[in-house]
Amino acid sequence: MEHSSVAFFQILYQNETLFQLEDRALTERPATTAAEVHPAPPVPEPAHVQAPAASLPATPAVPIQPPVSPQPAIPATHVPTLPQTPAVMAPPPVNVPSPATAAAFPALKHKVLVLTDEPKQQEMLMSEALFLDNILKAVGHSLETSDVVNFSFMPGQDARTVLSGKKTNFFISFGVPLIKLHLDLLLVPYTPKNLEGIWFLLVDPLVVIEADRNLKKKLWQALQKMFEMS
């Protein structure tokens with residue numbers, strides 16, 4: 001019987017260490033139940049999973065500024081006034097005088113133009129006028145059928161319009177170079193020259209020709225040749 005009990009305990013407590021007590025103690029101790037030997041495992045409590053709290057951005061610290069002491073009011077009488085900038089006035093418009101219109105060459109009415117130069121008087125002397133009239137009549141003209149102009153009293157001395165407009169047929173100059181009339185012409189004295197349909201003749205002043213017989217003859221020959229060729 002004793003061996004069967006030992007075998008039973010060996011089977012029951014094969015993985016545990018057994019101690020033998022005195023017989024009294026074994027007789028007085030109540031039999032141990034299997035529930036006491038192998039207590040029930042503890043029931044695990046349900047785990048409470050706590051979601052991590054959302055992290056909020058840290059609020060920056062606001063520096064505390066010291067209180068601003070109120071500024072004393074400035075009396076109105078002590079408020080500085082700024083100097084006003086004077087208004088800049090626009091300069092008045094400058095009236096630029098328009099260039100004067102060049103005086104026109106005297107109007108011509110006849111086919112023969114006679115140009116003289118008498119700075120002291122506008123009209124020719126009686127003797128010179130009579131002499132010129134006789135010469136012109138010898139070639140079929142006269143003072144009445146000719147335009148006689150004094151160079152020193154001309155309002156306009158530019159004769160280029162006379163040349164371009166062909167306002168005359170015969171241009172006889174007594175002592176006035178044609179360069180003064182803005183005409184770039186090279187003339188040989190007492191030698192007629194035709195240019196663009198106009199006959200030009202350059203001779204000495206009337207007062208010089210009237211006092212010289214040879215010059216009178218040269219003038220007569222030049223006028224006769226010019227009007228015959230025309």
**Message:** Kirkwood Rh over alpha-carbon pairs of region 93-230, then Stokes-Einstein at 25 °C and 0.890 mPa s: what D in µm² s⁻¹, rounded to an integer?
**Reply:** 155
**Request:** Quick one: which residues, 5 or more positions from V148 or on another chain, have an amide H under 5 Å from its amide H? H modelled 1.01 Å from N in the peptide plane, none for Pro or chain starts.
**Result:** V114
**Item:** Cleavage-rule hits (trypsin sites (Lys or Arg not before Pro)) in region 139-230: DSSP loop, at most 15 neighbouring Cβ within 10 angstrom
**Value:** K166
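Throughout, read-outs are computed from the coordinates displayed, never taken from laboratory work. Keep in mind that this is a model prediction, so the values were computed, not measured. Heads up, the Cβs are rebuilt from the backbone with ideal geometry, glycines too, and the neighbour counts pull from every protein chain shown.
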